[in-house]
Amino acid sequence: MSQEAVLNELKSQLGNLIHQSDWIEITQEKIDAFADATEDHQWIHIDPSKAAEESPFKATIAHGYFTLSLYPKLRGLVDPATPVFPGTKNIINYGINKLRFPGPVISGSSIRANCTLISVEEVKGSIELVEEYSVEVKDQDRPACVAECIMRLYF
């Protein structure tokens, strides 16, 4: 698809849910791996025994930034065999306008992403779009993460 065709398609979807991911399980092993990668070993994330006794959630919880970091995967941006925006050469995560972590992701929970298109415009030879990334936790009322993620699409 051409840049103009993608831009027109996106403009027609403003304000709509444009992506809902499959559910994925957040295991303790994934939480521990994130803790190791970031050197954030707070007990509420990595010590199931202490969390069972002292945490208000009675279990370990995922790091908020772990939940945020799953955006490219949950959005479907990491598989070159299935491009989200056909014709793009690069999709760059450009930043975040707003970020909140309203609810926990308890170890063993399943999450999925809901992405709503907030804005789209041409910027410096690319298409810039802003999506609301909301992470739903199965059987939980509050989302775990809500962020306005900015991407630039290059053709």
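A short reminder: the numbers here are calculations on the coordinates, not readings from a lab. Model, not experiment: these values are computed from the prediction. Note that we place each Cβ from the backbone using ideal geometry, even for glycine, and neighbour counts take in every protein chain shown.
Key figures for this structure:
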item: Reduced Cα scattering model of the range 1-64, Debye log10 I(q)/I(0), q = 0.18 Å⁻¹; result: -0.69
item: Amide H within-cut-off set for His19, under 5 Å, with H built and near neighbours excluded; result: Cys115
item: Unit charges on C-beta of K, R, D, E only; dipole of the range 3-154, Debye; result: 280
item: FRET E, pair Glu29, Val123, Förster distance 41 Å, beta-carbon r, rounded to 0.05; result: 0.55
item: Relative contact order (%) - the range 66-154, alpha-carbon pairs under 8 angstrom, separation at least six; result: 35
item: Amide proton proximity set for Phe155, modelled H, under 5 Å, gap of 5+; result: Lys89
item: Interchain or long-range residues, amide H under 5 Å from Gln13's placed H; result: none
item: Order of Val120, Val84, Val135 - criterion: other Cβ atoms within 10 Å of each residue's Cβ, fewest first; result: Val84, Val120, Val135
item: Percentage relative contact order, the range 3-154, counting C-alpha pairs under 8 Å, at least six apart; result: 29
item: Where N is the number of residues in the range 10-155, Cα Rg divided by 2.2 N^0.38 Å; result: 1.14
item: HN-Hα J in Hz across the range 25-41 - Karplus 6.51, -1.76, 1.60, θ = phi - 60°, x for Gly and Pro; result: 8, 9, 8, 4, 4, 5, 4, 4, 5, 5, 4, 5, 5, 9, 6, 9, 10
item: The range 14-80 versus the range 98-149: alpha-carbon centroid distance in Å; result: 13
